[in-house]
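Trainee: The structure that follows is given in the form of structure tokens.
The values are calculated or read from the model by the stated rules, or taken from the named source; none is laboratory data. Source: prediction; values computed, not measured. Counting neighbours? That spans all protein chains shown, and the Cβs are built from the backbone with ideal geometry, glycine included.
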Amino acid sequence: MTEWNVDRAAVALRRAEDHRADRGPITAEWPDLDLETAYRVQDEVLRRKAAEGRRVVGVKLGLTSAPKQERMGIDSPLTAWLTDDMPLPPGAPLRVDGLIHPRVEPEIVFVMGERLAGPGVTAASALAAVARVGAGLEVIDSRYTDFKFALPDVVADNASSARYLVGDLWRDPAELDLAAEPCRLDIDGEEVDSATGAAVQGHPAEALALAANTLARRGIAIEPGWIVLTGGLTDAVFAVPGRTITAAFANLGEVTLHCR
């Protein structure tokens, strides 16, 4: 059997995504897969998508809450890529049958105004580089069966990225206390969870700073105009056909996703 390597892992993950067919974790067959190599797999998947015409439009953070990090044995969020086939147009439904087993989580979303390059980025300098902040819903869709994976698996899988939707209200982040920003998650008009911006590394700008400093180790900066999904504020809920999922923020408005 062919030995596992970066190319083979990238092909396996692309096949799972393209055919909407989940698979077991790669680490079950490639136990030596480490985080550094997993990020190389992530970048190779991106390279293949770019060769097909896809374009990077931003970055996302995963595992931004302290409990999730503790469970995975890490002390910093994961970073992953956003490409131009991921955003959902306003009002467009999520076609559940186009994905494997999608889940949805509310996010605070930044649009970058200035280039942000580590190392040495702080929450204050990160926030100063943000042009505007808004509400979002991220659709995650692990290529692994039942969302069961080790840390290198999810890194290689681009942190389960799939789709995202942003609201139409944008604010100046300097005007808001984003750590205290309340968010309510509703399913079909009924509240199922709630959180504040502090659920993301204590403050979304802390997550952004960590992303910039982490990416700097790979020679990457966060560019002007990029979207940054700062991490799920609550646990993710399943996207089920017929379900309507809403994230309602106190100062960032509401964003609603209709699942079909």
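Trainee: Which condition breaks for ASP193 when tested against (1) touching a residue at least 40 places away in the same chain (Cβ under 8 Å); (2) assigned to a loop (DSSP other than H, G, I, E, B); (3) more than 22 Å from VAL57 (Cβ to Cβ); (4) not aliphatic (A, V, I, L, M)?
Mentor: (2)
Trainee: Looking for something closer than 22 Å to ALA12 by Cβ, of a type in the set (A, V, I, L, M, F, W, C) and within 19 Å of the chain's Cα centre (by Cα) - is there at least one such residue anywhere in region 112-120?
Mentor: No; the residues of region 112-120 include none that is closer than 22 Å to ALA12 by Cβ, of a type in the set (A, V, I, L, M, F, W, C) and within 19 Å of the chain's Cα centre (by Cα).
Trainee: Inside region 142-177, can you point out the residues that are assigned to a loop (DSSP other than H, G, I, E, B) and crowded, with 23+ Cβ neighbours inside 10 Å?
Mentor: SER142, ARG143, ASP157
Trainee: Looking at region 79-114, which of its residues are touching a residue at least 40 places away in the same chain (Cβ under 8 Å), within 20 Å of GLN42 (Cβ to Cβ) and part of a loop (DSSP other than H, G, I, E, B)?
Mentor: Across region 79-114, the qualifying residues are MET86, LEU99, ILE100, PRO102.
Trainee: So which residues in region 168-190 are more than 20 Å from the chain's Cα centre (by Cα) and free of Cβ contacts under 8 Å to residues at least 40 places away in the same chain, if there are any at all?
Mentor: GLU175, ASP177, ALA180, GLU190
Trainee: If a residue counts only when it is touching a residue at least 40 places away in the same chain (Cβ under 8 Å) and either farther than 15 Å from VAL109 by Cβ or within 16 Å of the chain's Cα centre (by Cα) (or both), which strands (runs of 3 or more DSSP E) contained entirely in region 197-260 have at least 3 such residues?
Mentor: 227-232, 244-249
Trainee: In region 21-70, what residues are under 18 Å from the mean Cα position of the chain (by Cα), part of a helix (DSSP H, G or I) and either among the hydroxyl-bearing types (Ser, Thr, Tyr) or modelled with pLDDT under 95 (or both)?
Mentor: Matches in region 21-70: LEU35, TYR39, ALA66, PRO67, LYS68, GLN69.
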